[in-house]
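K.L.:
The structure that follows is given in the form of structure tokens.
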Amino acid sequence: MATTACTPPMKPTSNGVFQGENPLDYALPLAILQICLVVVLTRVLAFLLRPLRQPRVIAEVIGGILLGPSALGRNKAFLNAVFPKHSLTVLDTLANIGLLFFLFLVGLELDINSLRRTGKRALAIAIAGISLPFVVGIGTSVVLSNTIAKDVREAPFLVFMGVALSITALPVLARILAELKLLTTDIGRMAMSAAAVNDVAAWILLALAIALSGSGSPLVSLWVLLSGGGFIVFAALFLRPMLAWIARHSPEGEPVKEVYICATLSTVLAAGFVTDTIGIHALFGAFVVGIVVPKEGPFARVLIEKVEDLISGLFLPLYFVSSGLKTNVATISGGISWALLGLVIFNACLGKIGGTIIASLTMKVPFREAVTLGFLMNTKGLVELIVLNVGKDRKVLNDETFAIMVLMALFTTFITTPIVMGIYKPARQAAPYKHRKIERRDTVSELRVLACFHGSRNIPTLINLIESSRGTRRRGVTVYTMHLMELSERSSAIFMVHKARRNGLPFWNNKNDAAGSDLGGDQIIVAFQAYQQLSHVTVRPMTAISDLLTIHEDVVTSAQQKRVALIILPFHKTQRLDGSMESIGHQYQQANQRVLLHAPCSVAILIDRGLGGFAQVSSSEVSYSIVVLFFGGSDDREAVAYGLRMAEHPGIAVTVLRFVSQPGGPSFVAGDGKVGIRMDADQRANDENCISRLRERMSANAGALVKLEEKVVGGREEIVSVIKEAGRCNLFLVGQRPPVMPLMARVECPELGPVGSYLGASNSSTASVLVIKQHDPFSATEPLVEEVDEDYVVPDTPMAGGSSPHRP
């Protein structure tokens, strides 16, 4: 009797190469190598695909295919060394644990309450976007079952094909919409609402498909479905109240107890065990627990922050490798197979895009928006791969059908972003307005400021600067504060995207919505609300969630629509404890430069060195010394105008240092216009008028703490010496383009200009610096926002709880 030798199970760890052992023969070092290889490959591919604006899931799917038998896996030595068959059980287990918790995160992102508010149009689009692709999928399955899938069970195959073609990937769609600035448009809201309905329906259909794919009788499938329904009822009646109790006992501003986190994550695993025991896959249990977790308050956000990086960064990519190892593109051989691939892609697009377009046109959606919705709803992602892998594991899909369906999902998702960018560009519209700079004849009018910041460390200086700017005029200052947040692939970013959609951001935080505080951090909102209550300044917090390459569009659009006169941007460098300046990223610098290029008003860049210390100073305790450096030109006049407004505050002393060339001596002025503004007769006349008004102001208000000092200088060294003498002040106000020679041999930050670059260098001063560029109405830059009559402005952002736009 013949005996078969069994491969012994892998031991977890080796004794090391010095003991003559190969670490790749042991489970732990091999798993570490697999994880590292997958992470490096997928991140490199994501970087290469970034210019094409592709979501990271595309890179992960391609990475999995490349590591499988379609590419690198064709080398048997590589495949047997890095992905040997006896290691796949460990690999698949780790991948499914990662997938389990990722589906829990997906459930956390899905707000069931929002489904109840789904409008008729979105509901009709969702129904058509599910039913027609499902029917087309059934028709496609008939063709496949008569050609390359003759041996599969017919009923499960029909359902799996229908589900595979009708899915829309909600997380991927949210990422694409946010990146393309479509999130808060009508088309974005419809797409997200329809995709949420589609997501829930897809999971129900997948549960049906899994139940039907069992090898037992129809009665067994019925028991599986009934048991699954019973689990959902149990989760709604028992798990939800328990998790709601935990959420209520996790108040904002206090750390969530470790026992609550542990209990919730253990519940996820237990729910996965129950649904796996029932026979509808462990993923369903985790997804359902994520859905029933309350979305209000900090608890859901903290759960995401605890889980996302480890799961999404390390374990989830293993699932794409596990899928890629099952995908062999070489099985698609011959004209018939490639023709079937084309047929599947065509039918997938026909069903999803066609169904969505028909439903949209029926609901009176314009044709271009209807086509855009169709391509957006055709986005596939991880859930598609889950469906295909479950079908492959249950012998419903063979190797060739599986490879065809994976390539279909990859193709339909890949084309979404470029096609949508090509056919649809949302109109950015705003009414024209008058006051676009600080220097103005109407000195009693309201000053509107858009103050941007990266994080909580910028808040004290920003509030102290706002307090210094409020003046004593009747209308005072209205400040729109904008938290600039980078859109990433992390689940917390997508969670914020969903909150943003509900609150109509990137414009308004809905202060009546408790969940709105989760966006920018409740501490930030509370800080501005507290300051507003203690002062006469109107402060309205906002949040912009965007890719750093396009975040300037949010800033410029908000400035135009809120009719602000000054945008304050944070410098891309922060001060360290030793006084040196450390960059937080070149992309932040480029974002500032793009705002300067496209801004509809004056712009200032704030170099934060702790104005008033690193804490908010009350109005009665403000005591600042502010120095304005005046060389000439429109930017320096804007700095003087801002300084004079600050001088209205009783606790602020302003000194204007006017630099004058030595008579008959060398001039500091860069007369060629390459460094600063070209100084013609009009510019010089305007400078003299500015100084004359300053002197009139000083004589009319003898008690005002405003001084004018003229400094006769002949060159760079004397200018630097004067600036150093004034360095004990709290804040420098300087123009961005003064007509002066560079004060440094090498200018690293051209957006600061020749003087601002010197003041922004490490250890040049202990004072904060505000570098101001006055709005130039004759700038040749193409505007990002179209100016139209106010009656024709299309509202892009609804009011909280309403449908009409907010008029500032």
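The values are calculated or read from the model by the stated rules, or taken from the named source; none is laboratory data. As the structure is a computational prediction, the values presented were derived from the model and not from experiment. Ideal geometry is used to build each Cβ from the backbone, glycine not excepted, and the neighbour counts take in all protein chains shown. The protein model used for the area step is the full one, side chains on, heavy atoms only, and it has no ligands, DNA or RNA in it. Shrake-Rupley method; radii C 1.70, N 1.55, O 1.52, S 1.80 Å.
K.L.:
Give the residues of the range 441-450 that are in contact (Cβ under 8 Å) with a residue 60 or more places away in the chain and either open to solvent by 60 Å² or more (accessible area, probe 1.4 Å) or charged (D, E, K, R) (or both), sorted by residue number.
P.N.:
Start the filter on the range 441-450 by keeping residues that are in contact (Cβ under 8 Å) with a residue 60 or more places away in the chain, which leaves 447-450.
The answer is Arg448, and nothing else.
K.L.:
Does Ser221 fit the bill of being free of Cβ contacts under 8 Å to residues at least 24 places away in the same chain and assigned to a helix (DSSP H, G or I)? It would help to see each step written out before you state the result.
P.N.:
Numbers: free of Cβ contacts under 8 Å to residues at least 24 places away in the same chain: yes; assigned to a helix (DSSP H, G or I): yes.
Answer is yes for this residue.
K.L.:
OK, next. Across the range 113-125, what is the total count of residues that are open to solvent by 30 Å² or more (accessible area, probe 1.4 Å) and closer than 16 Å to Ala174 by Cβ?
P.N.:
Counting residues in the range 113-125 that are open to solvent by 30 Å² or more (accessible area, probe 1.4 Å) and closer than 16 Å to Ala174 by Cβ gives 1.
K.L.:
If you don't mind, another one. Among the numbered conditions (1) part of a helix (DSSP H, G or I); (2) surrounded by fewer than 20 Cβ atoms within 10 Å (Cβ to Cβ); (3) among the β-branched types (Val, Ile, Thr); (4) touching a residue at least 12 places away in the same chain (Cβ under 8 Å), tell me where Ile204 comes up short.
P.N.:
Only one criterion is unmet by Ile204, namely (4).
K.L.:
Among the residues of the range 742-777, count how many are touching a Phe, Trp or Tyr at 6+ places or on another chain (Cβ under 8 Å) and open to solvent by 50 Å² or more (accessible area, probe 1.4 Å).
P.N.:
Going through the range 742-777 one residue at a time, the tally reaches 1.
K.L.:
Restricting attention to the range 360-400, which residues are over 18 Å from Leu205 (Cβ atoms), in a helix (DSSP H, G or I) and open to solvent by 10 Å² or more (accessible area, probe 1.4 Å)? Walk me through it before giving the result.
P.N.:
Step one: of the range 360-400, the residues over 18 Å from Leu205 (Cβ atoms) are 360-376, 395, 398-400.
Next, from what is left, pick out any that are in a helix (DSSP H, G or I): 360-362, 367-376, 399-400.
Leu361, Thr362, Phe367, Arg368, Glu369, Val371, Phe375, Asp399, Glu400, listed by residue number.
K.L.:
Run down Gly324, Gly335 and say which single residue is without any contact (Cβ under 8 Å) to a residue 24 or more places away in the chain and either surrounded by fewer than 17 Cβ atoms within 10 Å (Cβ to Cβ) or more than 16 Å from Ala164 (Cα to Cα) (or both). Walk me through it before giving the result.
P.N.:
Details: Gly324 fails: without any contact (Cβ under 8 Å) to a residue 24 or more places away in the chain.
Result: Gly335 is the single residue among Gly324, Gly335 that is without any contact (Cβ under 8 Å) to a residue 24 or more places away in the chain and either surrounded by fewer than 17 Cβ atoms within 10 Å (Cβ to Cβ) or more than 16 Å from Ala164 (Cα to Cα) (or both).
K.L.:
A follow-up question, please. Return the residues of the range 293-322 that are among the basic types (Lys, Arg) and at pLDDT 85 or above; say none if nothing qualifies.
P.N.:
Of the residues in the range 293-322, the ones among the basic types (Lys, Arg) are 295, 301, 306.
If the condition is that a residue be among the basic types (Lys, Arg) and at pLDDT 85 or above, then Lys306 is the only one that fits.
K.L.:
What strands (runs of 3 or more DSSP E) lie completely within the range 536-596 and have 3 or more residues being touching a helix residue (DSSP H, G or I) at 6+ places or on another chain (Cβ under 9 Å) and of a type in the set (A, V, I, L, M)?
P.N.:
On the way: elements: 538-546, 566-570, 573-575, 581-583.
Once the strands (runs of 3 or more DSSP E) in the range 536-596 are filtered for at least 3 residues that are touching a helix residue (DSSP H, G or I) at 6+ places or on another chain (Cβ under 9 Å) and of a type in the set (A, V, I, L, M), what remains is 538-546, 566-570.
K.L.:
Quick check on Ser721: is it open to solvent by less than 80 Å² (accessible area, probe 1.4 Å) and at pLDDT 85 or above? Talk me through it step by step, then tell me what you get.
P.N.:
Values: open to solvent by less than 80 Å² (accessible area, probe 1.4 Å): yes; at pLDDT 85 or above: yes.
For Ser721, the condition - open to solvent by less than 80 Å² (accessible area, probe 1.4 Å) and at pLDDT 85 or above - is met.
K.L.:
For Ile280, indicate whether it is open to solvent by less than 20 Å² (accessible area, probe 1.4 Å), at negative phi and at pLDDT below 90.
P.N.:
On the way: open to solvent by less than 20 Å² (accessible area, probe 1.4 Å): yes; at negative phi: yes; at pLDDT below 90: yes.
Yes, satisfied.
K.L.:
Across the range 251-291, what is the total count of residues that are more than 29 Å from the chain's Cα centre (by Cα) and either of a type outside the set (A, V, I, L, M) or farther than 30 Å from Leu222 by Cβ (or both)? Let's see the steps before the verdict.
P.N.:
To start, the set of residues in the range 251-291 that are more than 29 Å from the chain's Cα centre (by Cα) comprises 259, 263, 266-267, 269-282.
Applying the additional criterion that residues be either of a type outside the set (A, V, I, L, M) or farther than 30 Å from Leu222 by Cβ (or both) yields 259, 263, 266-267, 272-273, 275-277, 279, 281.
Looking only at that region, the number is 11.
K.L.:
Right, something else. List the pairs whose first member sits in the range 110-130 and is within 18 Å of Val383 (Cβ to Cβ), whose second member is open to solvent by 20 Å² or more (accessible area, probe 1.4 Å) and modelled with pLDDT of 90 or more, and whose Cβ atoms are under 8 Å apart, counting only residues at least 6 apart or on separate chains?
P.N.:
If the second residue must be open to solvent by 20 Å² or more (accessible area, probe 1.4 Å) and modelled with pLDDT of 90 or more, the pairs left are Leu110/Ile291; Ile112/Ile291.
K.L.:
Hey, any hits in the range 215-236 for a residue that's more than 27 Å from Pro156 (Cβ to Cβ) and either modelled with pLDDT of 80 or more or outside the structural domain of Leu361 (by the TED database) (or both)? Full working, then the answer.
P.N.:
The first filter runs over the range 215-236 and keeps only residues more than 27 Å from Pro156 (Cβ to Cβ), leaving 236.
From the residues that got through so far, the ones that are either modelled with pLDDT of 80 or more or outside the structural domain of Leu361 (by the TED database) (or both) too are 236.
Within the range 215-236 (the criterion being more than 27 Å from Pro156 (Cβ to Cβ) and either modelled with pLDDT of 80 or more or outside the structural domain of Leu361 (by the TED database) (or both)), the answer is yes, since at least one residue qualifies.
K.L.:
Let me ask something else about it. Could you say whether any residue in the range 94-104 is open to solvent by less than 60 Å² (accessible area, probe 1.4 Å), in contact with a helix residue (DSSP H, G or I) (Cβ under 8 Å, 6 or more places away or on another chain) and without any contact (Cβ under 8 Å) to a residue 40 or more places away in the chain?
P.N.:
Checking the range 94-104: not a single residue is open to solvent by less than 60 Å² (accessible area, probe 1.4 Å), in contact with a helix residue (DSSP H, G or I) (Cβ under 8 Å, 6 or more places away or on another chain) and without any contact (Cβ under 8 Å) to a residue 40 or more places away in the chain.
K.L.:
So, Leu28, is that one in contact (Cβ under 8 Å) with a residue 40 or more places away in the chain and closer than 25 Å to Ile311 by Cβ or not? Lay out the reasoning, then the answer.
P.N.:
On the way: in contact (Cβ under 8 Å) with a residue 40 or more places away in the chain: no; closer than 25 Å to Ile311 by Cβ: yes.
Criteria not met by Leu28.
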